[in-house]
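Here's the structure, in structure tokens; my notes come after.
The values are calculated or read from the model by the stated rules, or taken from the named source; none is laboratory data. A quick note: this is a predicted structure, and the numbers were derived from the prediction, not measured. Glycine also receives a Cβ, built like all others from the backbone with ideal geometry; neighbour counts cover every protein chain displayed. Ligands, DNA and RNA are stripped out before the accessible areas are found, and what is left, the full protein with its side chains, is counted by its heavy atoms. Shrake-Rupley method; radii C 1.70, N 1.55, O 1.52, S 1.80 Å.
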Amino acid sequence: MYPESYHDAVAGLLDDEAVDLSYSVEKDGTLHILTCNEPEGLQVFWHSASHIMAHAVKTLHPDVKLGIGPSIDSGFYYDFEFTEFITESDLDEIETHMKKIIEADIGFERKVLSKKEAHRLFQEKGEHFKLELLQEIPDDQVTVYKNDHFVDLCRGPHVPSTGYIKHFKLLSLAGAYWKGDERNPVMQRIYGVAFPDQEALEAHIRSREEARKRDHRRLGKELDLFSFHPEGPGFAFWHPNGMVIYNEVNRYMHDVLTRHGYHEVKTPLILNEQLWHQSGHWDNYKENMYFTTIDEQSYAVKPMNCPGGLLVYKSQSHSYRDLPLKLSEMGLVHRHEKSGVLHGLFRVRQFTQDDAHVFCTPDQLEDEVIKLIDLVDEVYHAFGYEKFQVELSTRPKKSIGTPDMWEKAETALKHALDAKEKTYQVNPGEGAFYGPKIDYHIQDSLGRMWQCGTIQVDFSMPERFDLDYIGSDGAKHRPVMIHRAILGSVERFIGILIEHVGGAFPVWLAPVQCTIIPISEKFHDVSRQVHQQLFESGIRCHLDDRNEKVGYKIRDAETKKIPYMCVIGEREASKGTLSIRKRKEGDLGEKTISHFISETLDEIKRRVNH
Ligand SMILES: [Zn+2]
Ligand SMILES: [Zn+2]
């Protein structure tokens, strides 16, 4: 019997290894019981639901071939190869059958098999994808999980029996390549989610619906911000409206970085292969890079901006008086992603990184990190993000640099975070092989977390590129190098922002800030003059002189999420005023033209965020 508080237990963590509740503990260790209130517990719950789904699908379609069925951030999926494609309408039948499996409360039975036995088992079942997965497992023994006749190759753990998964929903059906590679067979992926109680399930479905409405790919099309084309998979095409946002984000970054003492650089997109050997990217990152040939020599398209930044540093000699030196670059990088994982602006093959490299003396490190923490705070607040999580990742097993260097750098990062009174999670051993780092996750208006910013200390690059500065003792010293990005990918950051504000950008970012609405043709001339006046003052405005009713034009402006509407009729024309409506707020009353201009310009200048 478990104590009362463990009634909603789903699995255990034994010395950080997830195990079934039925696991017999045979050695000393720390045991933690997982429930659905913790992310790891919920993952076990969801993954168990994916088995039940596969069980139901296999029963209804005995010829289906099973792919993989993991839990993900927001539920679970399973990939299937059906003999004939199924449609969304088939999901009901699968759900009904899943309910039967759940009612029967069938146990999850774990079995350890030799690889040979497992091979025979999946060979007999004709599960060729499972055989492929089996080959990739280096161990001699593997585990399978059985529910009645249904058996799946799986590490586990699972909930004890199918009866645990009472409240679930199948959400959607999508195409997916086996292993995300377009050269592989096309499979069908069914997504679902499950919760221990009905309320949590309903809340999840509601927030999913809201997220669907805010999907940046959908809003990108509706608001005419950007597009993607088969001629350039993973490469965004920015339209005039999207370009306004893109440029405003860049302009803001330029302003804030200048104020924080950065100097902007721009380095080439294509650099000789030799440089990438020197930087270590060739050995560690080649699979994600694109190559080309110039004058019969091999060149690479940069996946990161660091080597270019290092050549800029090395182009001059530096004294300790020049440090800290902060070089920023809005750097366009290309990184190969499998076509199956490309996703709007979130996963692209070409993006601009708001990169910077800070070169400083070891003594300056802590202060520089404190300044970076302030800078990150300032930038996120400017875009309306109030909540974010901070993580500190320390020395991994495979790493370069002396223990003393790591100790100093980790202490500097910790001290800096403590000095700024940040609460943060420590991820032991999760740092980069070249140094410890701080990562930021921002929370959007739907409560979702997005990893964006990073501050990374690097011991490797200064060595590889033999960087130095002349110290106060007249001798050469090695500078410390910090890589940092705040937005991360500008493209992805804008994608997140579109969903965060639901397409309703604050005035400073809005592609069109104001629309002028004459109530009839009689006022077109005066409206044209007002339009000219606003435009010349620097407000992005649009004149809606279509022969439509005022109500229609207002609704249209609201659909386009334009912040201000200026209505002009008889009274306004004679008095030189505008009747102002603001998106979401409604009628703001009458204002003189010059008053409206000065207020709006002030709102833009201060980059007000609502
Ligand atoms: Zn499993
Ligand atoms: Zn870098």
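Structure values in brief
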read-out: Sites excluded, GluC sites (Glu not before Pro) in DSSP loops with at most 13 other C-beta within 10 Å, longest stretch of the chain; value: 422-547
read-out: Kirkwood Rh and Cα Rg combined as Rg/Rh, the stretch 288-402; value: 1.01
read-out: Probe 1.4 Å, protein heavy atoms only - accessible area per residue of the stretch 258-330 in square angstrom; value: 56 Å²
read-out: Length-normalised contact order for the stretch 175-286 - Cα pairs under 8 Å, 6+ apart - percent; value: 9 percent
read-out: Relative contact order, percent, the stretch 1-109 [alpha-carbon distance under 8 Å, six or more residues apart]; value: 19 percent
read-out: Whole-Å semi-axes of the ellipsoid equivalent to the stretch 450-599 (Cα gyration tensor, √5λ, descending); value: 52, 18, 11
read-out: Antiparallel DSSP beta bridges within the chain, as percent of all bridges there, nearest 5; value: 85 percent
read-out: Set LYS125/LYS398; LYS111/LYS338; LYS286/LYS398; LYS266/LYS371 screened for pairs whose C-alpha atoms are more than 31 Å apart; value: LYS125/LYS398; LYS111/LYS338
read-out: Relative contact order %, the stretch 43-195, counting alpha carbon pairs below 8 Å whose residues are six or more apart; value: 31 percent
read-out: Hz values of 3J(HN,Hα) by residue in the stretch 113-129 - Karplus curve (6.51, -1.76, 1.60), Gly and Pro given as x; value: 10, 6, 4, 4, 4, 5, 4, 4, 4, 7, 5, 4, 7, x, 8, 5, 5
read-out: HN-Hα J in Hz across the stretch 404-411 - Karplus 6.51, -1.76, 1.60, θ = phi - 60°, x for Gly and Pro; value: 5, 4, 5, 4, 5, 5, 5, 5
read-out: The stretch 222-347 shape via C-alpha gyration tensor axes, a/c threshold 1.5; value: oblate
read-out: Solitary cysteines of the chain, where the nearest other Cys Cβ is not under 4.7 Å; value: CYS36, CYS154, CYS306, CYS360, CYS452, CYS566
read-out: Tensor-based shape of the stretch 23-64 (alpha-carbon gyration tensor, a/c under 1.5 rounded, otherwise prolate or oblate); value: oblate
read-out: Three-way shape call for the stretch 59-102 based on the alpha-carbon gyration tensor, with the a/c threshold at 1.5; value: oblate
read-out: Heavy-atom surface of the stretch 357-471, accessible at 1.4 Å and reported per residue (Å²); value: 44 Å²
read-out: Note, ³J(HN,Hα) from phi for the stretch 451-462, Karplus 6.51, -1.76, 1.60, rounded to Hz, x at Gly and Pro; value: 6, 10, x, 8, 10, 10, 7, 10, 8, 7, 4, x
read-out: Helix-only [θ]222 nm of the chain, DSSP H runs n ≥ 4, -39500 (n - 2.57) each, per residue, nearest 500; value: -11000 deg cm²/dmol
read-out: Equivalent-ellipsoid semi-axes of the chain, from the Cα gyration tensor, Å, largest first; value: 47, 38, 24
read-out: Taking the C-alpha atoms of the stretch 125-252, convex hull volume expressed per residue in Å³; value: 212 Å³
read-out: Built amide H within the under 5 Å cut-off of GLU264, gap 5+; value: SER328
